[in-house]
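Below is one structure, written out as structure tokens; comments come after it.
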Amino acid sequence: MEISSVPFLNQDDYNYFYTFFQGMEDNSSNEEFNDNNNGDGKKRRRIDSNSNVKEILSAIMLLDEEEKFENDELGFALNQEKSSFDANYRQRTQAMQEYYESNVQGHFGNLVDLESSRIKRARDSASTVMASIAAKTENSEDRLSQSSNVRETSGGHRRLWVKDRSKAWWDRCNHPDFPESEFRKAFRMSKATFDMICDELDSVVTKKDTMLRAAIPVRQRVAVCIWRLATGEPLRLVSKRFGLGISTCHKLVLEVCSAIKSVLMPKFLQWPDENRIQAIKDEYELISGIPNVGGSMYTTHVPIIAPKISVAAYFNRRHTERNQKTSYSITLQGVVDPRGIFADVCIGWPGSMPDDQVLEKSALYQRASRGLLKDVWIVGNSNYPLMDWVLVPYSHQNLTWAQHAFNEKIGGIQNLAKDAFMRLKGRWTCLQKRTEVKLQDLPVVLGACCVLHNICEMRNEEMDPELIFDIFDDEMIPESSIRSASSVHARDHIAHNLLHHGLAGTSFL
């Protein structure tokens, strides 16, 4: 809703109305004076009043018409002024645009041309320099083999430039005249064992040459993986040793470990058959005097970097309290024969889990649940519960002579497993410290270490005594230390026989 302006009277209109109403007042007084004289006066006054009202209305309408006319003239003038301003603005805008197109845009176009010519000259000079370097490189076969690989293509040659890295160290190790002792110190095995592993993995690890570069030889691929596992050195140093990129070395380690798991594990790390189980029982009985022992079980921890998920699950409280440093780990459970060769491993459960829970998650526990370990004892320490197939030492106070003798024999069997883990961690140093391997890839790497350990043990590879690593895995008695009543009687019977048949010895006295 709009509100219009109220028209005001000018001085002439004011004088006119003032005179008019003054006359009306005089006439009114005269009429009132003569009103009593005759009745015709009333009629005449009504006629005069109507005439006066008409004149007033006519005057007001005339003033409105004059004001409306003036407003129309003012609006017309304003519209003309606005049209003139718009026309002037469009004219100036067009003039400025024409000036920009003719001058400024042309200037920037010249700048673009200058920049393009400068870049082109730089590229031409760079091409000249590269061509001169390529010409010098072609004159030297050694530089050519280290810097590029050339393969013929249809219509010419194609060259791939790579970073120049020295392979002198690996070339010396791979030479037939390289000393056996130095090779064993670097790779924790003899040349013959190394060659056997390369032959076994050849069909899986071999890569074909491409049109851009020659494939890395199988021996070098296997050497990168074994040296990395043996020394635990960071990938940066592995890269310098073998003259390869860091990412390439990391990829080779995972590829070779996967090949070891798929090719060598079925041959060198499997649960023994019935004949082998019987031979193991005989060997353990000869050592300890305890019958039907099929293996010695132990669980150790491998340190890891704090994971991004489930951090609390991998937190190792016991190692943290002992080392006064926050520790995270995963578990490695293994069963070994009298020679320290792994017959079963369970890898990768979080470090916060106690040993009895790790055992319940293992394939060994599932095998026993299916009745496949009948008449077989797996000897463990006090971290495990006593079950129908798990034999552990007495853990209560005030032991009898028979119980002391039994614990002494069980401790000797347990030392075989512990010594195997000490050699495992000593030979493959990557298990002693946190590695750069992702958590999901660690089980494959640890499994490869166990397989390589078995190969070295089976081939009687000597180990430097300085490499043996002391294991500090705290023992924790499970909440339910006895799971079977029949196993209690069986253990007591074994302890009684050891003492009364002269098999206990005198070391417990």
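The values are calculated or read from the model by the stated rules, or taken from the named source; none is laboratory data. Bear in mind that the values here come from a model prediction, so they are computed numbers and not experimental data. We place every Cβ from the backbone using ideal geometry, glycine too, and count neighbours over all the protein chains shown. The accessibility values were calculated without ligands, DNA or RNA, using every heavy atom of the protein model including side chains. Shrake-Rupley method; radii C 1.70, N 1.55, O 1.52, S 1.80 Å.
Hey, could you check region 217-243 for residues that are more than 14 Å from Leu254 (Cβ to Cβ) and among the β-branched types (Val, Ile, Thr) and say which is surrounded by the most Cβ atoms within 10 Å (Cβ to Cβ)?
Val218
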**OP:** Report yes if some residue within region 246-268 is among the aromatic types (Phe, Trp, Tyr), more than 29 Å from the chain's Cα centre (by Cα) and not in a helix (DSSP H, G or I); otherwise report no.
**Re:** no
Original post:
Mind checking whether some residue in region 271-284 is in contact with a strand residue (DSSP E or B) (Cβ under 8 Å, 6 or more places away or on another chain), aliphatic (A, V, I, L, M), farther than 23 Å from Leu439 by Cβ and in a helix (DSSP H, G or I)?
Top reply: yes
Original post:
Taking region 86-104 only, how many residues are among the β-branched types (Val, Ile, Thr) and either at pLDDT 70 or above or open to solvent by 100 Å² or more (accessible area, probe 1.4 Å) (or both)?
Top reply: 1
Subject >> Members of region 271-296 found to be among the aromatic types (Phe, Trp, Tyr) and open to solvent by 10 Å² or more (accessible area, probe 1.4 Å), listed by number >> reply: Trp271
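Just checking, which of Ser369, Ser352, Ser362 is over 22 Å from Ile477 (Cα atoms) and not β-branched (Val, Ile, Thr)?
Criteria check complete, one pass: Ser369.
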**OP:** Can you give me the number of residues within region 196-249 that are small (Gly, Ala, Ser) and closer than 22 Å to His175 by Cβ?
**Re:** 6
Subject >> Options Ser117, Ser203: the member that is in a helix (DSSP H, G or I) and either over 28 Å from Arg241 (Cβ atoms) or modelled with pLDDT under 65 (or both) >> reply: Ser117
